[in-house]
Amino acid sequence: MTDSLTGRVALVTGGSKGIGKAVALALAEAGADVAICARKMAGLEPVADAVRATGRRAFATVCDVTDAEQVNRLPTVVNEALGPIDILVNNAGASESHKFVGHPDDLWARMLEINLTGVYRVCKAVVPGMIERKWGRIITIASISSKVGARYVAAYTASKHGVLGLTRALAVELNPYQITVNAICPGYVDTPMTDANVANMVARTGKPEDEIRRIISSGNPQGRLIAPEEVAAVAVMLAGEAARGITAQAINVDGGTLTY
Ligand code: NDP
């Protein structure tokens, strides 16, 4: 199905590294023109260049998904550069942890703001154009934390459960317009976010880095971290015409960590 996305325009939030970067490149390789955003321009330029190297058009713009004004401008700036957004990948996110006793209120607010309200905000800006054109794909990078609880991540877990609720509600509401809305739920993925989480765990526990990596890898029955490209492959599948019957789903990419 190479080139199945030819003629489509995709927007990937948080497209400068990790999963977002892999998704941007995979969508381009499948034929889409790709817009990417993040808070810092420096990381976006090399990804835009890599998209152009596939022969597709690319557009990089600074946008913080927690800033409503910047988000509201996104559809217009992407439209001027590449055309209307057909495929939205809500990937920008953050993960911080804290035990619940003494949980900082600002950490709670930060996690909900970026992982849940940020997705709501970008969807709200992009969906009217999709409804007008009666076609769209919304793919949110959620988490296995959208389905299960774990210690020390109350805020992240609540935000990721919330984004799955948003996904399901939008899927039902937007079904009449040929817009599908799905979530991808990865386990631990080998990205800069996981590097930062590992560094935190090293600092907190005093355990060596290789032991922490072994512990988090062992949470996956395949004994490894997921590669960003594995998540990207599912996003490409969901973005295609052949996936028009798949909506309101939460697809795990976790090596079988969860069995539902
Ligand atoms: P990374 O931290 O490696 O990359 C995050 C990306 O998002 C960067 O491009 C970053 O760029 C951007 N970003 C961060 N904050 C904002 C913001 N406020 N507005 C716009 N862009 C922002 O993360 P991952 O690739 O690991 O994770 C991507 C998504 O996948 C997240 O939603 C995460 O929760 C989810 N996920 C990750 C897992 C993992 O193990 N890594 C597992 C399950 C889910 P900049 O800093 O310049 O803004």
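Round to the nearest 0.05 the FRET efficiency obtained for Ala109 and Ala196 when R0 = 22 Å and r is the Cβ-Cβ distance. Display every interim value, and only then the final one.
Working: r = 20 Å, r/R0 = 0.89.
Efficiency, rounded to the nearest 0.05: 0.65.
Within segment 14-118, report the trypsin sites (Lys or Arg not before Pro) that DSSP leaves as loop and that have at most 13 other Cβ atoms within 10 Å.
Details: sites: Lys17, Lys21, Arg39, Lys40, Arg52, Arg56, Arg57, Arg73, Lys99, Arg110; in loops: Lys17, Arg39, Lys40, Arg56, Arg57, Lys99.
Sparse-neighbourhood loop trypsin sites (Lys or Arg not before Pro): Lys40, Lys99.
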Q.
Going 7 Å from the Cα of Ala68 along its beta-carbon direction, which residues of segment 108-140 have the amide nitrogen within less than 16 Å of the resulting point?
A. 113-114, 116-126
Q: Using a Gaussian network model of the chain whose springs link C-alpha atoms within less than 10 Å, name the residue from Gly206, Gly18, Gly136 with the highest mean-square fluctuation.
A: Gly206
Q | At most 15 other Cβ within 10 Å, DSSP loop - trypsin sites (Lys or Arg not before Pro), segment 135-200 | A | Arg151
Q: Read phi for every residue in segment 249-260 and hand back ³J(HN,Hα) as whole Hz from Karplus 6.51 cos²θ - 1.76 cosθ + 1.60, θ = phi - 60°, with x for Gly and Pro.
A: 9, 10, 9, 6, 10, 9, x, x, 4, 9, 10, 8
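Stretched out fully, how many nm does the piece from Ala227 to Ala203 gain, at 0.36 nm a residue minus the Cα gap? Before the final figure, lay out each step's value.
Working: separation 24, 0.36 × 24 = 8.64 nm, distance 2.46 nm.
Stretched fully, the Ala227-Ala203 segment lengthens by 6.2 nm.
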Q.
Suppose each label sits 7 Å from its Cα in the direction of the beta carbon; what would the Arg168-Val77 distance come out to in nanometres?
A. 3.5 nm
Q) Residues with amide H under 5 Å of Arg39's amide H, sequence separation 5 or more or different chain, H placed in the peptide plane at 1.01 Å from N; which? A) Cys63
(Q) Per DSSP helix of 4 or more residues, -39500 (n - 2.57); summed, then divided by the residues of the chain. What does that give at 222 nm, rounded to the nearest 500? (A) -14500 deg cm²/dmol
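What is the magnitude of the charge dipole of the chain about its Cα centre, with +1 placed on the Cβ of each Lys and Arg, -1 on the Cβ of each Asp and Glu, and no other charges, expressed in debye to the nearest 20?
Values: 26 positive and 25 negative charges, 74 e Å.
For this selection, approximately 360 debye.
Taking the Cβ of Met130 as the centre, find all other residues whose Cβ is under 14 Å away and add up their charges (Lys, Arg: +1; Asp, Glu: -1).
Details: positive: Arg8, Lys124, Arg133, Lys134, Arg137, Arg244; negative: Asp86, Glu132, Glu173.
Counting the neighbours of Met130, the net charge comes to +3.
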(Q) Could you identify which residue out of Leu116, Leu74, Leu107 has the top mean-square fluctuation in a GNM of the chain using Cα springs shorter than 10 Å? (A) Leu107
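Just list whichever of Lys99/Lys160; Lys99/Lys207; Lys17/Lys124; Lys17/Lys40 have alpha carbons separated by over 22 Å in the model shown.
Numbers: Lys99/Lys160 17 Å; Lys99/Lys207 18 Å; Lys17/Lys124 24 Å; Lys17/Lys40 11 Å.
Violating the 22 Å limit, Cα to Cα: Lys17/Lys124.
If a helix is a whole DSSP H run, which ones in the chain reach 15 Å or further along their own axis (Cα) and hold a mean Kyte-Doolittle hydropathy of at least 0.5? Numbers along the way, then the final one.
Details: long enough: 18-29 (17 Å, 1.28); 41-53 (18 Å, 0.60); 68-81 (20 Å, -0.31); 118-133 (23 Å, 0.46); 154-174 (30 Å, 0.63); 192-205 (20 Å, -0.03); 228-239 (17 Å, 1.41).
Going by DSSP H runs, the hits are 18-29, 41-53, 154-174, 228-239.
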Q: For the chain, set up a Gaussian network in which alpha carbons nearer than 10 Å are linked by springs, and say which option among Met130, Met41, Met111 fluctuates the most.
A: Met41
**Q.** Among Gly165, Leu27, Cys123 - extreme Cα towards positive end, dipole of the chain, charges at beta-carbon
**A.** Gly165
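Taken together, the values in this text are just the output of simple stated rules run on the coordinates, not laboratory data. The model shown is predicted, which means the values in this text are computed figures rather than measured ones. Cβ atoms come from the backbone with ideal geometry, glycine included; neighbour counts cover every protein chain shown.
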